[in-house]
Amino acid sequence: VQLQASGGGLVQAGGSLRLSCAAKGIHFGINTFAWYRQAPGKQRDLVARISSGGSANYSDSVKARFIISRDNAKRAMYLQMNSLKSEDTAVYYCYVHHRSRHFWGRGTQVTVSS
């Protein structure tokens with residue numbers, strides 16, 4: 001299983017970014033995928049999760065600002081991040097739990113300047 005996250009970058013507070021995660025080596029349509037993030041010196045935290053049927057859950061810190069989505073035909077997952085804040089600065093990882101194993105993408109850096 002390979003997960004590749006992309007779309008990070010530097011953005012001003014209040015701006016938007018869209019992250020993408022491409023998946024290979026997995027039956028994409030039946031799995032729940034998630035975005036996590038890790039800020040310097042902090043633990044890796046769940047940002048959002050999307051089920052195979054498209055049901056989404058969000059952490060309280062991003063609710064109403066971020067939108068997770070997926071395109072099963074393209075084998076891709078997305079994270080639309082709006083109204084970004086400096087505290088959103090972190091490395092963002094895509095994740096899937098598949099066949100009792102944890103798979104992480106390499107991560108993409110998001111930096112929000114205030």
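What to note about this one:
- Under a model in which nothing but the beta-carbon of Lys, Arg (+1) and Asp, Glu (-1) is charged, the chain shows a dipole of about 320 debye around its Cα centre.
- 12 Å beta-carbon shell around A23, net charge (K/R +1, D/E -1): +3
- Label reach from Q109 (point 7 Å along Cα→C-beta): in segment 4-22, amide nitrogens under 11 Å belong to 9-10.
- Whether segment 1-88 is rounded, prolate or oblate, judged on the alpha carbon gyration tensor where a/c under 1.5 counts as rounded: prolate
- Less than 5 angstrom separates the built amide H of F33 from those of I50, all sequence-distant by 5 or more or on a different chain.
- For segment 1-95, with all protein chains in place and a probe radius of 1.4 Å, 47% of the accessible heavy-atom surface sits on carbon or sulfur.
- Based on C-alpha pairs under 8 angstrom that are at least 6 apart in sequence, the chain has a relative contact order of 37 percent.
- Förster radius 22 Å - calculated FRET efficiency between R101 and I67 (Cβ-Cβ, nearest 0.05): 0.20
- Label point at V1 placed 7 Å out along Cα→Cβ; residues across segment 88-114 whose backbone nitrogen lies under 20 Å: 92-108
The values are calculated or read from the model by the stated rules, or taken from the named source; none is laboratory data. Treat the numbers as computed from the prediction; the structure is a model and nothing was measured. When we count neighbours, we look across all protein chains shown, and the Cβ atoms used for this are built from the backbone with ideal geometry, even at glycine. To get the accessible areas, we keep the full protein, side chains included, count just its heavy atoms, and leave off ligands, DNA and RNA. Shrake-Rupley method; radii C 1.70, N 1.55, O 1.52, S 1.80 Å.
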